[in-house]
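The values are calculated or read from the model by the stated rules, or taken from the named source; none is laboratory data. Keep in mind that this is a model prediction, so the values were computed, not measured. Cβ placement follows ideal geometry from the backbone for every residue including glycine, while neighbour counts extend to all protein chains displayed.
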Amino acid sequence: MGKSIWLAFVVGLLCWSGIGLGQETPRSQFALQGTVSSEAEGKMEGVLVRAKKVGGTISVTVVSDPQGKYHFPANRLEPGQYQLSIRAVGYDLASAPQIDITPNKTAQLDLKLENAKDLSPQLMNAEWLMSVETTGKSKGQIEKLECVGCHSLTRVFESKFKPEDWYPVLARMETYGPGGRKLPFQVPSRPPDKELAQWLSSVNLSSGERHSYEFKTLPRPKGRATRVVITEYDVPNKGSEPHEVLVDPDGMVWYADFVRPHLLKMDPKNGQFQEYRLPDLKAGFPAGSNCFEIDKEGNLWMAGLKQGGVYKFDRKTEKFTTWRLPYSDSAYSHAGCLILSPDGSVWVRETGSGGHIPENEHRLDPKTGQFTNYIAFPEDMKIIPAVQREPQGIGYLGGGFGDLSYREENGNKRRHQLYGSSIDSKGTYYVADIGAGYIEKIDPRTKAVTLYQTPTPNSGPRRMDMDSRDRLWFAEYRGGKIGMFDTNTTKFKEWPIPTPFAGPYDVGVDKNGDVWAGGMHTDFLYRLDPKTGEVTQYLLPTVNVNIRNLGGIDNRTTPVTVWIGETHQAKIARVEPLD
């Protein structure tokens, strides 16, 4: 090996491991290493190798490089016995190995993979959609699937229901809200959607033990996407859904439970959790919270969903303060996204199904407990003509979102519907109109409403984040893109995510200007470099995790660390890129 080539190899290894050039690189720098290979491919890049201590609740995952090699940093695996597993679509481990990790020594274990005996448990939601789309019968049906709010699509396509079996199932599902919670009000019955039921039976296992179509899969990670360490923490209650995650100034990790009346704190050093019970605002109504924020004093704020209110948690006293929304006495009251204003006020959305209560934005003054109401859409804005849909496939997803539905689209109209919100440095309020594809601006002083349509029609803007230059970044759920609205110039820019059915849910901007996103249909955490347009896709070790909030960006580390909730798998993940 030539001198220059050898030097490049050494520098690359040191950069990967985070060790400076002036330091020694002893063999014990790694706790465990080896090579991943298969008979079909030989040495394999992009295989996720996960190590979990036997009987433990924390797992660590690394990804094999272009030579098929994987390395676990020594400071990530404490001594003990570990169970190894892999994620590589189409492959299983030939055996399920365990290995002992001992101090100051690198364990060596090569992994052999074999063709998977059953591919279906390995499929992400997006891969199921890619697969059924090939049947040619899916146009107009995929957009009706709102299943991923409660569970993965594997349950749908692995079912054995015939058309008539689907009728009561579909009717029952209409009575449940996000998180699989029974809605606290009567839902009007509708005639069964026989076309949808027939299609579902044509793509599930009702006619035999094998699906009638070939499974389509996404490629494994490569290049930059392999240079990452992912740590997953099992949460204490398996029925918990960690929807919102953030890191406080002391480095503690917090999450707001989407379905249980609890706020939880985790110490990332040991994975120990502490639970705090949320006060009941409406006894007997579904619990859970979302839209998690932290203020300048370190207090935590949450929206109470079907509890119809706002929670504030003082980290010093460990006490809650609560406020009920103006229409909270109604069974239809729903506290949606919440955002903190620079002046100390709190904006929170209140919506209700079927127009039973007004769709308002409320601005809470915590000092007085008084709400100022803002009409989100004047009468002449409430119903607008339908816009041309994006084609099925790359990026596009339909879905109902409550009052918004394909039924309205087929009726050649669309309804405005509010979702995520943000606020600029001057206190001007912005909200995503997921229903009709607009960014809405509300002037807090004049209450004037201004709408800006996204460049991609019907893009489904969902959750958002404001950067230090008052540029509003948002996830285009239907458009499969990351959008940016410059509030200073009122100009838009969009970047596509290179994954079919990506369905980005939320975005977060880090200290370097990179934009992070995730969604409910893939297990990728997306990292956009707006300067180059490059999107790096970090694959998570667990299948169908359902990523929601991206508020857990920790800018104290270099490189930046991102914490996310694996909503449907009762885990919290720490994603640490190595560059």
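When Ala74 is evaluated against the numbered criteria (1) modelled with pLDDT under 50; (2) touching a Ser or Thr at 6+ places or on another chain (Cβ under 9 Å); (3) surrounded by 13 or more Cβ atoms within 10 Å (Cβ to Cβ), which criterion, by number, is the only one it fails?
Only one criterion in (1) modelled with pLDDT under 50; (2) touching a Ser or Thr at 6+ places or on another chain (Cβ under 9 Å); (3) surrounded by 13 or more Cβ atoms within 10 Å (Cβ to Cβ) is unmet by Ala74, namely (1).
It is to be established whether one or more residues within region 92-113 are outside the structural domain of Val63 (by TED's automatic domain parsing), touching a Ser or Thr at 6+ places or on another chain (Cβ under 8 Å), not in a loop (DSSP other than H, G, I, E, B) and not polar (S, T, N, Q). Walk me through how you get there before you give the answer.
So the first thing to find is which residues in region 92-113 are outside the structural domain of Val63 (by TED's automatic domain parsing), and the list is none.
No: zero hits.
Provide a single number: the residues in region 420-455 that are of a type in the set (Phe, Trp, Tyr) and in contact (Cβ under 8 Å) with a residue 60 or more places away in the chain. Reasoning before the result, please.
Applying the first criterion (of a type in the set (Phe, Trp, Tyr)) to region 420-455 yields 429-430, 438, 452.
Checking the rest, the ones that are also in contact (Cβ under 8 Å) with a residue 60 or more places away in the chain come to 429.
Total meeting the criteria: 1.
When region 102-118 is examined, which residues are found to be surrounded by 13 or more Cβ atoms within 10 Å (Cβ to Cβ) and touching a helix residue (DSSP H, G or I) at 6+ places or on another chain (Cβ under 9 Å)? Reasoning before the result, please.
Of the residues in region 102-118, the ones surrounded by 13 or more Cβ atoms within 10 Å (Cβ to Cβ) are 105-107, 109-114, 116.
Scanning region 102-118 gives Lys105, Thr106, Ala116.
What's the number of the condition Pro163 fails, among (1) within 19 Å of Pro286 (Cα to Cα); (2) touching a Lys or Arg at 6+ places or on another chain (Cβ under 9 Å)?
It is condition (1) that Pro163 fails.
Tell me yes or no: at least one residue of region 508-516 is of a type in the set (Lys, Arg), more than 20 Å from Tyr452 (Cα to Cα) and in contact (Cβ under 8 Å) with a residue 40 or more places away in the chain.
Scanning region 508-516, I find at least one residue that is of a type in the set (Lys, Arg), more than 20 Å from Tyr452 (Cα to Cα) and in contact (Cβ under 8 Å) with a residue 40 or more places away in the chain, so the answer is yes.
Specify which of the listed residues (Val431, Val507) is touching a Phe, Trp or Tyr at 6+ places or on another chain (Cβ under 8 Å), farther than 29 Å from Arg556 by Cβ, modelled with pLDDT of 95 or more and in a strand (DSSP E or B). Reasoning before the result, please.
Numbers: Val507 fails: farther than 29 Å from Arg556 by Cβ.
Going through Val431, Val507 in turn, just one is touching a Phe, Trp or Tyr at 6+ places or on another chain (Cβ under 8 Å), farther than 29 Å from Arg556 by Cβ, modelled with pLDDT of 95 or more and in a strand (DSSP E or B): Val431.
Any residue at all in region 82-94 that is in contact with a helix residue (DSSP H, G or I) (Cβ under 7 Å, 6 or more places away or on another chain) and not aliphatic (A, V, I, L, M)?
Checking region 82-94: not a single residue is in contact with a helix residue (DSSP H, G or I) (Cβ under 7 Å, 6 or more places away or on another chain) and not aliphatic (A, V, I, L, M).
Scan region 458-498 for residues that are surrounded by fewer than 24 Cβ atoms within 10 Å (Cβ to Cβ) and not in a strand (DSSP E or B) and report the count.
The total comes to 10.
Taking the residues in region 193-248 that are among the polar types (S, T, N, Q) and part of a loop (DSSP other than H, G, I, E, B) as candidates, determine which candidate is nearest to Gly179 (Cα to Cα).
Our first condition is that a residue be among the polar types (S, T, N, Q); within region 193-248, this holds for 198, 201-202, 204, 206-207, 212, 217, 226, 231, 237, 240.
Okay, now just the ones that are also part of a loop (DSSP other than H, G, I, E, B), so 204, 206-207, 212, 217, 237, 240.
Working: Asn204: 23, Ser206: 27, Ser207: 30, Ser212: 31, Thr217: 27, Asn237: 15, Ser240: 10 Å.
Only one residue fits best here, namely Ser240.
Scan region 300-359 for residues that are of a type in the set (Lys, Arg) and out of contact with any Asp or Glu (no Cβ under 8 Å at 6 or more places or on another chain) and jot them down.
Matches in region 300-359: Lys306, Lys312, Lys316, Lys319, Arg324.
Table: residues versus (1) at pLDDT 95 or above; (2) within 14 Å of the chain's Cα centre (by Cα); (3) among the aromatic types (Phe, Trp, Tyr).
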site	(1), (2), (3)
Gln453	no, no, no
Arg469	yes, no, no
Leu472	yes, no, no
Tyr477	no, yes, yes
Asn488	yes, no, no
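Check whether at least one residue in region 511-533 is modelled with pLDDT of 95 or more and closer than 24 Å to Asp343 by Cα, and report yes or no.
Checked region 511-533: at least one residue is modelled with pLDDT of 95 or more and closer than 24 Å to Asp343 by Cα.
Restricting to region 550-561, name every residue that is in contact (Cβ under 8 Å) with a residue 40 or more places away in the chain and either in contact with a Leu (Cβ under 8 Å, 6 or more places away or on another chain) or within 18 Å of Ser120 (Cβ to Cβ) (or both).
The answer is Gly551, Gly552.
Of all residues in region 38-72, how many are in a strand (DSSP E or B), of a type in the set (Gly, Ala, Ser) and within 31 Å of the chain's Cα centre (by Cα)?
Start the filter on region 38-72 by keeping residues that are in a strand (DSSP E or B), which leaves 38, 42-43, 48-53, 58-63, 69-72.
Those still in the list that are of a type in the set (Gly, Ala, Ser) too: 38, 42, 51, 59.
Next cut, within 31 Å of the chain's Cα centre (by Cα) only: 51, 59.
Number of matching residues: 2.
Scan region 195-206 and report the pairs whose first residue is in contact (Cβ under 8 Å) with a residue 12 or more places away in the chain and whose second residue is among the hydroxyl-bearing types (Ser, Thr, Tyr) and not in a loop (DSSP other than H, G, I, E, B), with Cβ atoms within less than 7 Å and a gap of 6+ or a chain change.
From region 195-206, the pairs are Ala197/Tyr167.
Please count how many residues of region 288-306 are within 14 Å of Arg260 (Cβ to Cβ) and over 20 Å from the mean Cα position of the chain (by Cα). Give the steps one after another, and end with the answer.
In the first step, residues of region 288-306 are kept if they are within 14 Å of Arg260 (Cβ to Cβ); the result is 288-290, 302, 304-306.
Retained after the next criterion (residues that are over 20 Å from the mean Cα position of the chain (by Cα)): 306.
Result for region 288-306: 1.
May I ask you to verify whether Pro541 is in contact with a helix residue (DSSP H, G or I) (Cβ under 8 Å, 6 or more places away or on another chain) and either in a loop (DSSP other than H, G, I, E, B) or under 15 Å from Arg471 (Cβ atoms) (or both)?
Values: in contact with a helix residue (DSSP H, G or I) (Cβ under 8 Å, 6 or more places away or on another chain): no; either in a loop (DSSP other than H, G, I, E, B) or under 15 Å from Arg471 (Cβ atoms) (or both): yes.
Criteria not met by Pro541.
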